[in-house]
Structures are given as structure tokens and as C-alpha cells.
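Here's the structure, in C-alpha cells; my notes come after.
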């Protein structure tokens, strides 16, 4: 790629084209040696030239991905220079893309590209295409990113463009982050109040969540998203008291402006509704990481208050907890009380006495104090020294729900900070001997309670023997498999597998391999299990379980659901997970880390083997999406669906509410509410 960029950038006049050079298609045919084979027509010459462009540019040296990086690099240079540099080459590359779209790979010789320029010039000369600036339409996002480059350079933060990526020099990045830090230190505790005030403009009262992932727009001018997730986390690292300060909002707006341009050049924002519908094996991994990083810096992890209460009560009042000699009722009462008292747009400040009196002296004061102390940070402990975006290990706000400030306690936000209750109670259980197996059981029990409360009938924890012939057909070693949940309707059998695995800090910080491992051990693992269950159903028409019960297919469709305990956010978008599966089903991960690759490829291979069977190939590989019946949800999403459910048929309807359409925003809760409203109009 470097050699291609070198000759494309070295002399811009080389790539100038004169669209008035040829008078007509007869002249073009003569110049380029084309012999007419039928009636002499313009289209005949045009088709010849198109094929010559493709033939000339095709080669094995430059991959399609690298070609796109070349495009990005030139476009960013053009716009960031005020449209002074690369004027001819950007037009040339833009029209190449316009007339032939993409090739699988390209030549890297200057001679080939110069010849392709000559063919292209002739083609456009005899065509009726509007020349003007049409070739720049596909670069609107690069134009926006270039505005951020200009802003940063103008303010003394040096950037350079390397193979389509914008690099801020180490010294400039250090100064930029220091500028943000300086302002946050001056603002102190005002920063979190201002952050909540700002994101409250995106609060949706129906969903009781913040909708921080905007829908990609069709408008001509793009705008840069504000990294609210980053600003929120830096705010938590600066909760110190400050002397009276004039206009803290002005300093905060300066932080927004600096961070907005800093993150814009990282190119994490999605501008096109359809950008995630054409991924390949060589583009899907960067796309997964891009969405994870966007969620870290632009969105904020959040759980609706009612959802976390359902989950905490469902898990930590389980009879299975009794074996640990733990009484967690006071923690659950605290959660319910602060959830009721807290507002979405400002922190809740209270004392132990407030809770003590509100519950009519239900608990001893010491027990309450111990509980609050256990679940509280000291003010200098939360997100201590967090500033550099990828220093995710310094972000710990999710570990505890409260801050202790002198004799008061602060609950920063009931939607963003409530995961701390789960983490604290999980820690108490582990300290008292709970292992992963027990936590898994109480999580499954919690889901059972959710189904029962909503009137959904189900089968759970059903085991069956896998015949040797089936093990051979699927290339698996298993002699026995277990179904977490099966829900039947007249039309469908819904198979659900629950996994507790969440995104690790390494994945959130940008480690692509760790991201795929986390995704593999949750989504891919669960899907491979449901695939085995479906194969048994379709092969034998039924599954006979060890307890004597039977599930029969009876011509029904099969829905497969991977259920995570907590969210994977943008990755759980229905259209995107199908792209993940379509891109990876015939691939293997080869990162060079044999041990880690093995963890991922184990589940990929199992899925691959399922779709190689005659049963799955005939059913799913004849056209359309082979994974249309595969879904990926979190328990909070499940709770939202069940809130509109009273029986199995309604559950099937809600499960599929977002399957056929997408807005591109990658916020399931936003789309789910939108499509439900459409139904009621």
C-alpha cells in the first residue's frame, strides 16, 4: 500500500483528466484499438473501456481493504488541506470507485494505474455522467473528520495521516489530555452535574434510559458525536470540592469541544445506516472492535432501574444462597429505596439516617452502616487518575454503587451506577464460598422466575443423550447435552442458552483478540449449543430427554437465542450479529496466539460443522441469511420483552419485534420502543 500511496501522492498533476479530449466514441474506439463487432454504439465502446479498466487495475498486490485505506488517506489529505492537496488524484480514485465499484484486489504498479486513468478519461468523455463533484459524495465522513484535524492543528495539536489513519503525536496527545484534565480539575464536582444535565436531554421517559447512540442520518452534512461515556468517566475521577468558580459550564463546553474532535479523528462513529451489511472475514473483526470502542467512549453502560431490581431480587433471594449463610435482604432494600428516590438528571445525596427512618427501623443501624460502607467508594478511589481513553483498568465506577463524602452518601445515577449492586452482592457470595457453578444456577433460576411471572410456559435444564452417529455427523465429542430453556408455541420452538460471560477490560480497551474471545464464550458458544439442539430436532423429529419428556418438531420453525446476563450493547444489533456469523462461519481466527485462538475456533468450528450437514445446508444455505433464526439478547432486553408478554405466543411476537427492520442506531431498546409504537399507531 505504501508504494501505491507514494506514486499517487508524488505528483498530483499526473492524475489530471481532460473530459473534453475526445469528440465522440468513434474517436475513442480508434485511439484504444477497439474493433466494432456489431452496430457501432456508444455503449459498446463504454463496456469495452470498463472491462479494460478492471483488467488493468486488477492484481494481487493490493487488497480491497488496503484500497479503501488508500481512498481514506487521499480523501483526508484533500479535505484537511482545505481542498488544495491531492485534487486530481482524489477525483481519479473517486471515479474509479464510481464506475467499477470494487475489485477483489488491485495492481500496485504505477503503469497499471496510469493506463487505467487513460481508459477512465475516455470512458467519462463519452458518457453522460455529471462530472462536477459527484465523486466526493462518498467522502462526507472524511470531510467531517478532516474538520477535526483542522481544529486540532489550529489549536497546536499536531496530527499526521498514515495509511488512512490520523495519528496525534505523543507530545500533542499528552498536551491535549492535560488540557482536558486541567479543566476538569478546576470544575471538580460540577463536572458530573453538568454531564448528567447534558445527557438528560437524551433521556427517554418511556424506556427510562438514555438514548446516547444516535441513528445514522440521511442529511448531507454529518456532525461529530460527543463522547459522553469518556466525559462521564473523567467526571467521576474529578469529584473533589472546588472553590467558587465562575462559569464552570464554559470550561465544561471547552472539554466537550476538545474531546469531540479528539475522538472524531479516531473514526469510531457510524455514519451510514448500511455500513454493517457487507462485511467480510477481513473486515468483521475491526468492525466488532470499532463498535465496542464506540460503546466505551460515546455511550454509557446502563440498566433500567426496574431491570436491575428484577435481576438482583431474582438471583440473590434464591434458596441456593441459603447454603452460604448470607442474608442479603438489607442490600436489596437499599437498592429499592435509592431507585425510588434517585432522579435521572442529578445525583442523590442522603445519609444513613434517611434510610434507617424510611424503613421504620427494620434493620440495626450497624448492619445498615456496614452495608453502605461495603458498597461505597471513598471520593479519591473512584476512577482514580483516569484520563487516557484506553487506560480502561483505571475505570472502576461499576464496582460499587455509592460514594461516601464525609457523613453523606452519593448515588450518582440510578441507571448508570446500579450495576455496582450486582458486583457487590456477587463479591459477597464469592467470599462466602460461591463458585461459578452456583452463580450460574441462580442466574438460570432468575430467568425461570421472569418467565413464570409473565405467564410463559417453558422447559428448563433438560438433558438428553447425543447418539454416536450424531456426534460423528457434527464432529463433536459430547455424549450428553443440556437445554437451558425451551419455549413452545404452535408455530415455533424457541431454544435459549444463557451465558454469564461479559466484556472484559482488555476487550473494552481495544484488544481485538480479547473481544472475540469474550464474544465466542458468550454468543458463539451459546449458538453452537442451540445448533446441536436444533439438529437433533430436525434429524429425528424430536428430542427425548433423560427425564422421559419429549419435544417434537411437528413442522415448526426453530428460533435460537444466545442470552447474555448483561449487555454486549451495539454488538447485539440483529443485523450486525448476522454479519458476524456470515463473515466468520467459514473462517478461522489466526492471531498467532495458539492458546487463545483455540478458545474461539472451538465454537466457530462447531457452528461450521453444523451448517455443513445436509440438513442445515438444505434448510439454510439455499439463499437469504442462513442465520436468520439466530439471535443475541441480554437479560435486561429479555425483561423488557417480557413486560409486554402474558403467554408464549406474545413472547414469540415480542422476540421478533426488531428482527425484520433496523434503524442503524444499534440501540435495541430504542428500536424496540420505536417498532412497538409503530404497531400501536
Q) On a 0 to 90 degree scale, rounded to 10, what angle separates helix 574-584 from the longest Cα axis of the chain? A) 70
Q. Per residue, what volume in Å³ does the convex hull of the Cα atoms of the stretch 2-141 enclose?
A. 109
Q. For the stretch 480-553, with equal point scatterers placed on the C-alpha atoms only and solvent neglected, what are the log10 I(q)/I(0) values from the Debye formula at q = 0.16 1/Å, to two decimals?
A. -0.65
Q | With Cα atoms, 0 to 90° folded angle of helix 525-540 axis to the chain main axis | A | 90
Q | Net lengthening on full extension, residue 399/residue 588 (0.36 nm per residue, minus Cα-Cα) | A | 64.5 nm
Q | the stretch 63-218 shape via C-alpha gyration tensor axes, a/c threshold 1.5 | A | prolate
Q: Express as a percent, rounded to the nearest 5, the fraction of DSSP beta bridges in the chain (both residues included) that run antiparallel.
A: 65
Q: Taking each pair of different alpha-carbon atoms in the chain once, compute 1/r for the pair, average those values, and report the inverse of that mean as the Kirkwood hydrodynamic radius in Å to one decimal.
A: 28.4
Q) What is the calculated FRET efficiency for residue 203 to residue 273, with r their C-beta to C-beta distance and R₀ = 41 Å, to the nearest 0.05? A) 0.95
**Q.** Spatial separation of Cα centroids for the stretch 231-298 and the stretch 300-352, in angstrom
**A.** 29
Q. For residue 242 and residue 41 in one chain, what is 0.36 nm times their gap in residues minus the Cα-Cα distance, to one decimal in nm?
A. 64.5 nm
Q: Just order 545-558, 376-389, 415-428 by mean Cβ neighbour count inside 10 Å, highest at the front, would you?
A: 415-428, 376-389, 545-558
Q) If the stretch 305-431 were replaced by its equivalent ellipsoid, with semi-axes equal to the square roots of 5 times the Cα gyration tensor eigenvalues, what would those be, largest first, whole Å? A) 23, 18, 14
Q | Linear extension gain, residue 313 paired with residue 490, 0.36 nm per residue minus alpha-carbon span | A | 60.5 nm
Q. Let a ≥ b ≥ c be the square roots of the eigenvalues of the Cα gyration tensor of the stretch 160-271; is it rounded (a/c under 1.5), or, if not, prolate (a/b larger than b/c) or oblate?
A. oblate
Q.
Give me P(r) over the stretch 436-680, computed from all C-alpha to C-alpha distances, binned every 5 Å, as integer percentages.
A. 1, 6, 13, 18, 20, 18, 13, 7, 3, 0, 0
Q) Which of the peptides 471-484, 59-72 is most tightly packed, and how do the rest follow, judged by the mean count of other Cβ atoms within 10 Å per residue? A) 59-72, 471-484
Q: Any chance you could give the angle, 0 to 90 degrees and rounded to 10, that helix 284-297 forms with the longest Cα principal axis of the chain?
A: 50
Q: Post the alpha-carbon centroid distance, the stretch 608-681 to the stretch 185-215, in whole angstrom.
A: 30
Q. For the pair residue 111 and residue 10, how long in nm is the line joining their label points, each one 7 Å along Cα→Cβ?
A. 1.5
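Just so you know, all these numbers are worked out from the coordinates, no wet-lab data involved. Computed from a predicted model, the values in this text were never measured in an experiment. Cβ sites come from the backbone with ideal geometry, for glycine too, and all protein chains shown count toward neighbours.
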